[in-house]
């Protein structure tokens, strides 16, 4: 086996080379999307600069060249998953789009009210909601397979729950939360005893496993390019030829048409029957460029390296007392979900972000799974082959520092002023002074967390549904009272996440004890810009801030 060099592999990814060693990016959110190698960037650029034309429809040279480049990738995708025929490879926008295509085209046409659709408790929302819709539309019953203590689909339970009523089985190859390989081959065989059709969500598996659809004998297999170093907005639906031929089109127009007439329209053959409109040509070509990474010899050495990294990170996390994994045992691919005792998951993610470490916090588009564990979120760390043992060490060191509450002398001296503030009424001027001294995002984050300690907590009985803020990823509440004598509003606010509580203090520094008119006139966006915060906050947390501000403004508007 050829030795894998992570140093050489990292050189292929421009984003990993764009920062200095002192301000490095440690990207541990690969389960959400992976970074893109230069070959993908160059392929996309080359197409637009040299070959740009629509595919299949024109007779000129550029179109023929574009079509050839486009269709070559279909052959590469066939080889990647060992499909039988090129027309079994359908281009989609991604995994979600592919599942929806099958749900709409197969599910709504072949599933009846007496049938059962079987999914698992560990599915991504994209493999739950489409089947809920099909069940609602057809009257079919949705059956949920449980996961066992290790986080994999329980085969013993499946043998009881998959019966002759099962018409369709849709499960993930690897959960985006748990990171463990499900017994999909056994589940497919079990479903086929009852002649059920099967779909495997391979979004997390495709970049880490050799996938052979003929060996699995699944009817559909779906995955996205962007989780395997390819472009966003393109994915693959593999379907057995006979089943795809029996399915009606999902969308209409463009290449899926053979002949259009007001006396009757006929549809194109596979694969074009399911590729309406102008496809994501440059996305497919970009996918083709990255598929060379998955050549047998290189992919084998790459996955071997990933396994070493996987076991190392598991051992290091296991040594931190506060780490509580969602399920026992080491994951099969480097996707780790856990909670940290004594810390809200959003606070952990924000702290790590302040140290240049990107992880995911929240429900990971798997709300039912998290709810079954009594959680509203967790921390997820997901690695790729360009991550290093040194990056793991840095991450572990910062996680340990958070658990121990350790601050450097520089951080302590810079932040000591925050503890002297009386947060009964923190003025805009005091906040501006604090953040003017915090010259880095790390120090600004520390200020936010210190401010959070000084926000008076709402009593649990006051955290009512009517005060819950919609659009804030962490549970957050806000209530207000109007002083009839002064016409000023006073706010009580709280959140489960410290980082949100700290941001609430900053927001209330300009809204607390103000009249409705003053609140509505204040430019909060400019305020946050001056503080230097918005550019550092994640989209979800930025949306949370906007939701808090919108609730305050709505309250003010109601009291005008």
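Bear in mind these aren't lab numbers, they're just calculated from the coordinates by the rules spelled out. If you're wondering where the values come from, they're calculated on a predicted model, not measured in any experiment. In this analysis, Cβ positions are derived from the backbone assuming ideal geometry, glycine residues included, and neighbour counts consider all displayed protein chains.
Length available on full extension from residue 232 to residue 262: 0.36 nm per residue minus the Cα-Cα distance, which gives 7.1 nm.
The protection proxy used here, the mean number of other Cβ atoms lying within 10 Å of each residue, ranks peptides 60-67, 492-499 as follows, highest first: 492-499, 60-67. Angle of helix 441-452 to the longest C-alpha principal axis of the chain, folded into 0 to 90 degrees and rounded to 10: 60°.
Between the helical axis of 129-138 and the longest alpha-carbon principal axis of the chain there is an angle of about 60 degrees.
On full extension, the segment bounded by residue 164 and residue 32 gains 43.9 nm, given 0.36 nm per residue less the C-alpha separation. With both residues required to sit in segment 40-294, DSSP beta bridges show an antiparallel share near 45%.
Principal-axis analysis of the Cα atoms of the chain puts helix 61-81 at an angle of about 90° to the longest axis. For a label point 7 Å from the Cα of residue 318 along Cα→C-beta, name the residues of segment 146-167 whose backbone N is under 19 Å from it. So the set is 149-152. Here the peptides 69-76, 155-162 are ranked by packing, the mean other Cβ count within 10 Å, and the order with the highest first is 69-76, 155-162.
The computed Cα Rg over 2.2 N^0.38 Å for the structure shown corresponds, within (i) 1.85; (ii) 1.08; (iii) 1.43, to (ii). Placing dummy labels 7 Å off each Cα toward the beta-carbon, the span from residue 7 to residue 389 is 1.4 nm.
Take residue 400, project a point 7 Å from its Cα along the Cβ direction, then tell me which residues of segment 318-341 have their backbone nitrogen under 16 Å from it. Counting backbone N atoms under 16 Å from the label point, the list is 318-323.
Need the full-extension length gain, residue 304 to residue 372, defined as separation in residues times 0.36 nm minus the C-alpha distance. One decimal, nm. Result: 21.2 nm gained on full extension. Computed from the C-beta positions of residue 358 and residue 526, the FRET efficiency with R₀ = 25 Å rounds to 0.35.
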